[in-house]
Amino acid sequence: MNRRLMQNDDPPRQAPWMNTYADMVTLLLCFFVLLFAMSILNAKKFQAAISSLQGAFGIMPGATQPVVPPSSEGLFDPQELQAQLLAEEMARMRALGESFREELEKAGLGDKVRLEVEERGVVFRLADTVLFDIGKADIRPEARSVLLTVGNLVKKVDNPIRVEGHTDNWPISTDKFPSNWELSTARATNVVRFLIEEAGIQPERLQAAGYGEYHPIDSNDTPEGRQRNRRVDVILMRPSLSAAEPH
């Protein structure tokens, strides 16, 4: 009798399919909550997160202003954000370029090193007559101080550095340099080696490229234009552009 009463006191069990059904409903709820969270982004929270990372984003630390302006709808436009980030990054590069220009003027190198700020970064443009003899790739002894000054400037920040060699369209054919490709590449490589060995720049930051006569900045129809095209560009690349470069 006691055993029979104990069996009758057991609570009624739920149908097994209810457990599966409850799990499915819970998963669906989580799925739609996730979709909702991905489709709507709170601008204030996003702005706070970006502000905390802004100092590490650029080449200069200490940025504290938010980079995402609040919108009336509480959302943000990704293209607007990207444009603002680029504008702020270029402003920092221009400020850095101006400080470098002042340093070059103080060193008396304003006539030997042209400094320009382009979309790719700060460009130190050195004419081939400053660094090399005609048709050669060995750095002239009197050019070492010029190049060392440039190296000490770009060493102040952590941006990657690209060294580009360029020539005019006059052909060259020697045993050492069968074409302008070899000449421009050898010049860029020698500048890179100088920046490593003499200026103490980490090799991981440096790239070397030779473009021959195929990236002129002036016409090759005049002696003045050809002289401008024969150059070595030392480029301090802007951070977001260098992030897309192979490492």
**Complete:** A careful count of residues in region 87-146 that are of a type in the set (A, V, I, L, M) and farther than 18 Å from A199 by Cβ gives 9
**Item:** Conditions (1) outside any helix (DSSP H, G or I); (2) in contact (Cβ under 8 Å) with a residue 60 or more places away in the chain; (3) surrounded by fewer than 21 Cβ atoms within 10 Å (Cβ to Cβ); number of the one not met by D111
**Value:** (2)
**Message:** What's the total number of residues in region 9-20 that are within 54 Å of the chain's Cα centre (by Cα) and at pLDDT below 75?
**Reply:** 1
**Fill in**
Apart from one, (1) surrounded by 16 or more Cβ atoms within 10 Å (Cβ to Cβ); (2) outside any strand (DSSP E or B) all hold for D138; the odd one out is (1)
**Prompt:** Is it the case that region 117-126 has a residue that's assigned to a strand (DSSP E or B) and at positive phi?
**Reply:** yes
**Matching residues, region 97-133, being more than 20 Å from P216 (Cα to Cα) and aliphatic (A, V, I, L, M)** = L104, A107, L109
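The values are calculated or read from the model by the stated rules, or taken from the named source; none is laboratory data. As the structure is a prediction and not an experimental result, all values here were calculated from the model. Don't worry about glycine lacking a Cβ; one is built from the backbone with ideal geometry, like all the others, and counts go over all protein chains shown.
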